[in-house]
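J.: Can you read through this structure? Questions will come right after.
Taken together, the values in this text are just the output of simple stated rules run on the coordinates, not laboratory data. Please read all numbers here as calculations on a predicted model, not as lab measurements. Here the Cβ positions follow ideal geometry from the backbone for every residue, glycine too, while neighbour counts run over all protein chains shown.
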Amino acid sequence: MVNKIFHNLSGPFNINDIAKLISAKVFNIKDNNLLIYGAADVDNAINGEITFISISNTLNKLHNSKASACIVNKYDEKIIPNNMICLEVDNAHLAFAIIAQKFYPQEKFVPKISESSNIPKIYRNSLYIRVEPYVYIEEGAIIEKNVWIGSNSFIGKGVKIGENTRIGSNVSIECAEIGKNVLVYSGAKIGQSGFGFAPSKNGHIKIPQVGSVVIGDNVEVGANTCIDRGSHGITSIGEGTYIDNLVHIAHNVSIGKYCAIAGQVGIAGSAVIEDYCMFGGQVGIGGHITIGKGVQAGGQAGITRNLDAGSKVSGTPAIPLSQYHRQALKLKQLIRGKGK
């Protein structure tokens, strides 16, 4: 059950209206007036809610589910309980995401300026932005319409934040240009100085980091993630890329469109990540290498060389996934004394 104190709830919605929303084919419906009150995963859904199964070999979970309806990729009357309404779609996971957004909408944007914020005069009486308490915005920053900035955040001089972007609390942004519809979670740091120095016998000599960060539209930046500005050029994040919590992106890294980067990933300086790449948790990527379009790397993979487009890798150093599985099996056999 969703806690109404923490989250916004909408509905209920008629089951047929839900089906139309996701262009679903409906099975096992007995009451066309049935109302659905929420959406949840199969292990947590209760009576009156809708759930989903996107992997066929987990359909048996529906027998123990209390959900009133389910979304699947393919209806199977032999497996799906006949007392559960079934909505068949092409992509159950995507359909569930669409429905979940309908039940649990984001908080509505309401412009307001906290009196305890410290912001340029041109924004003090703005009717188009929202600034929470104790925000500090330096002169010369450009804040476009419907931007929402959370408490205790800092926006440096010259920073540009595009329309409909939301900045969480305790965020620091400098030397950066943020696109439209971006979501930056609490604690993120964007545009700080990169890790640039020249070692010498007398210590480390700092190299001034005089570049910037450019983040495209519809990007998400997770909590406590750090994105360094370029040393001289830019650090760039492409449109539609999602970055999880506790990720570090070093100076002059270039990340393409629609990538997905899980928690604790580290990307070293000047690495190039092309479009549609996906990295599991704690993946490490070396500097000055190129990761081709659509590469997928399993958790804790250590990538030290260029990877061709479409590669699937795992392990440290990262190797093709099929080879990684063979090595893991061989190691298991050796441990059991069968691989001599």
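J.: Using packing as a proxy for protection, rank 187-193, 331-337, 63-69, 74-80 so that the peptide with the highest average count of other Cβ atoms within 10 Å comes first.
T.: Most protected by this proxy first, the peptides run 187-193, 63-69, 74-80, 331-337.
J.: When DSSP assigns beta bridges and you keep just the ones with both residues in region 13-103, what percent turn out antiparallel, to the nearest 5? If you can, show how the numbers build up before the last one.
T.: On the way: 5 of 15 bridges.
The answer is about 35 percent antiparallel.
J.: Further, regarding this structure: Any aspartates and glutamates with Cα under 16 Å of the LYS293 Cα? List them, leaving off those in the same chain fewer than 8 positions away.
T.: In chain and number order, the partners are GLU239, GLU274, ASP275, ASP308.
J.: Further, regarding this structure: Could you sort the peptides 254-266, 115-127, 48-60 by per-residue average Cβ neighbour count (10 Å cutoff), highest mean leading?
T.: Working: 254-266: 20.2, 115-127: 12.6, 48-60: 17.5.
Per-residue mean Cβ counts within 10 Å order the peptides as 254-266, 48-60, 115-127.
J.: Can you list residues from other chains, or at least 5 along the same chain, whose modelled amide H is less than 5 Å from the amide H of LYS112?
T.: It is ILE129, ARG130, VAL131, by chain and number.
J.: Over region 1-61, what is the relative contact order in percent, taking alpha-carbon pairs closer than 8 angstrom and at least six residues apart?
T.: Working: 52 pairs, mean separation 17.1, N = 61.
This gives 28 percent for region 1-61.
J.: With just the Cα atoms of region 1-63, tell me how far they stretch along each of the three principal axes, in Å, largest first.
T.: Projected onto the principal axes, the Cα atoms of region 1-63 cover 35, 26, 19 Å.
J.: Considering only DSSP beta bridges where both residues belong to region 199-340, give the percentage that are antiparallel (nearest 5). Let's see the in-between values first.
T.: Details: 4 of 33 bridges.
Percentage antiparallel, nearest 5: 10.
J.: First measure r as the distance between the Cβ atoms of ASN118 and GLN282, then evaluate 1/(1 + (r/R0)^6) with R0 = 35 Å and state the FRET efficiency to the nearest 0.05. Don't jump to the answer; show the numbers that get you there.
T.: Numbers: r = 38 Å, r/R0 = 1.09.
About 0.35, to the nearest 0.05.
J.: What does the charge count around VAL147 come to, taking other residues whose C-beta lies under 9 Å from its C-beta (Lys +1, Arg +1, Asp -1, Glu -1)?
T.: Net charge in that neighbourhood comes out at +1.
J.: Just to compare against my own numbers: the Cα pair-distance distribution for the chain, 20 Å bins, whole % per bin, please.
T.: Reading upward from the zero bin: 26, 46, 26, 2, 0.
J.: Go through region 305-322 residue by residue and turn each phi into a ³J(HN,Hα) via Karplus (6.51, -1.76, 1.60, θ = phi - 60°); whole Hz please, and just put x for glycine and proline.
T.: So the J values, rounded to whole Hz, are 9, 4, 10, 5, 3, x, 5, 10, 10, 7, x, 9, x, 5, 10, x, 4, 4.
J.: Using 0.36 nm times the number of residues separating ASP17 and ASN245, minus their current alpha carbon distance, what extension gain do you get?
T.: Working it through step by step, the gained length comes to 78.5 nm.
J.: Treating only the Cβ atoms of Lys and Arg (+1) and Asp and Glu (-1) as charged, compute the dipole magnitude of region 301-340 about its Cα centre; round to the nearest 20 debye.
T.: On the way: 8 positive and 1 negative charges, 76 e Å.
Computed about the Cα centre, the dipole is about 360 debye.
J.: Can I ask one more? Using θ = phi - 60° and the Karplus form 6.51 cos²θ - 1.76 cosθ + 1.60, what ³J(HN,Hα) does each residue of region 47-57 get, whole Hz, x for Gly and Pro?
T.: 4, x, 10, 10, 10, 8, 10, 9, 10, 4, 6
J.: So who's got an amide H within less than 5 Å of the one on GLY48, skipping anything under 5 residues away but keeping other chains? H placed 1.01 Å off N, in plane.
T.: Placed amide hydrogens put SER68 under 5 Å from GLY48.
J.: Additional query: Rounded to whole Hz and in sequence order, give me ³J(HN,Hα) for region 153-159 from the Karplus expression 6.51 cos²θ - 1.76 cosθ + 1.60, θ = phi - 60°, writing x for Gly and Pro.
T.: Working through the residues one at a time gives 8, 10, 10, x, 4, x, 5 Hz.
J.: At what distance in angstrom do the alpha carbon centres of region 225-269 and region 203-217 lie from each other?
T.: Spelled out, the Cα-based centre of one part sits 13 Å from the other.
J.: Below 13 Å, Cα to Cα, which aspartates and glutamates can LYS160 reach? Residues fewer than 8 away in the same chain don't count.
T.: Candidates past the 8-residue exclusion: GLU138, GLU139, GLU144, GLU174, GLU177, ASP217.
J.: With a cut-off of 8 Å between alpha carbons and a minimum separation of six or more residues, what is the relative contact order of the chain in percent? Let's see the in-between values first.
T.: Values: 942 pairs, mean separation 22.7, N = 340.
RCO, the chain: 7 percent.
J.: Set the Förster distance to 56 Å, then compute FRET efficiency between SER10 and GLN333 from the Cβ-Cβ distance, nearest 0.05.
T.: Between SER10 and GLN333 the formula returns 0.55.
J.: Ranked highest first by the average count of other Cβ atoms within 10 Å around their residues, in what order do 204-210, 138-144, 231-237 fall? Write down the numbers at each step before the final one.
T.: Working: 204-210: 12.6, 138-144: 15.7, 231-237: 21.4.
Per-residue Cβ counts within 10 Å, averaged per peptide and sorted highest first, yield 231-237, 138-144, 204-210.
J.: Next question, about the same structure. Listed here are the pairs LYS102/LYS180; LYS25/LYS74; LYS4/LYS102; LYS4/LYS112; which of them are more than 20 Å apart at the Cα? All intermediate terms of the calculation are to be shown ahead of the outcome.
T.: On the way: LYS102/LYS180 22 Å; LYS25/LYS74 10 Å; LYS4/LYS102 15 Å; LYS4/LYS112 24 Å.
Beyond 20 Å between Cα atoms: LYS102/LYS180; LYS4/LYS112.
J.: P(r) tail for region 171-323, what percent of Cα pairs lie past 21 Å?
T.: 39 percent
J.: Using only DSSP helix segments of four residues or longer, with each worth -39500 (n - 2.57), what per-residue ellipticity at 222 nm results for the chain after dividing by its residue count and rounding to 500?
T.: Rounded to the nearest 500, the figure is -3000 deg cm²/dmol.
J.: Now for a different question. With every atom except the alpha carbons ignored, what do you get for Rg and Dmax of region 172-243, in angstroms?
T.: Expressed in Å, the Cα Rg and Dmax of region 172-243 come to 13.8, 48.
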